[in-house]
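Some notes on the structure that comes next.
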Amino acid sequence: MIAAMRAFFVIPVVLMQLGWAAAFAQVPTNPVQSADRMQVANCVRQGLTASPACIGLVAVPCVSAAAANDRPQAEISCARREEAVWRERLTLAGAALERTLEAGARSQFAALQLAWQSYAVQKCAFYGASQPPARSAGLQAGCELREVAERALEVERFAARQTRRPPAQPPQIIR
């Protein structure tokens with residue numbers, strides 16, 4: 001009986017440790033360049049109404065600077081470079097928002113983020129597949145950049161509204 005109980009507890013713990021080791025082994029280094037981060041942050045800081053104009057701020061000049069024969073690869077790498085900045089902002093805004101939410105709302109937000117991620121991947125895969133083969137990868141990368149950037153701006157705006165709310169007052173007993 002005791003051996004069965006030990007196995008009941010030991011096996012999940014070992015599997016969990018193996019899972020964590022595999023997860024940490026796959027964590028990439030941060031691909032965000034600090035100059036790109038500052039450029040986007042300065043643009044967004046100018047005002048949330050101007051923020052959609054900040055999308056492409058890093059990728060467009062990056063592609064323009066590429067040689068003509070490297071342009072298809074530059075479209076992909078430059079879009080991924082800027083997407084990393086927006087994905088970092090999305091992660092930080094999501095974490096800030098989660099700190100202000102109660103447990104049920106946090107769970108809903110996590111489910112919403114998973115659904116959004118699935119939608120964005122499918123949308124951009126469809127968009128890329130419907131383009132000429134020579135340009136499909138670059139256009140799909142650009143689509144992913146736009147989707148991540150727009151979602152980051154949306155979550156940042158929502159998180160900013162949530163943090164301005166006054167904290168809930170504890171209930172008062174009236175006698």
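The values are calculated or read from the model by the stated rules, or taken from the named source; none is laboratory data. These numbers come from a predicted model, not from an experiment. Note: ideal-geometry Cβ built from the backbone for every residue, glycine included; neighbour counts use all protein chains shown.
Check whether at least one residue in region 69-80 is surrounded by fewer than 15 Cβ atoms within 10 Å (Cβ to Cβ) and over 28 Å from MET38 (Cα atoms), and report yes or no.
yes
Looking at VAL60, is it of a type in the set (Val, Ile, Thr), over 23 Å from ARG157 (Cα atoms) and part of a helix (DSSP H, G or I)?
Yes: the conditions hold for VAL60.
So GLY128 passes all but one of these: (1) farther than 22 Å from CYS43 by Cβ; (2) modelled with pLDDT of 95 or more. Which condition number does it fail?
With respect to (1) farther than 22 Å from CYS43 by Cβ; (2) modelled with pLDDT of 95 or more, GLY128 is out only on (2).
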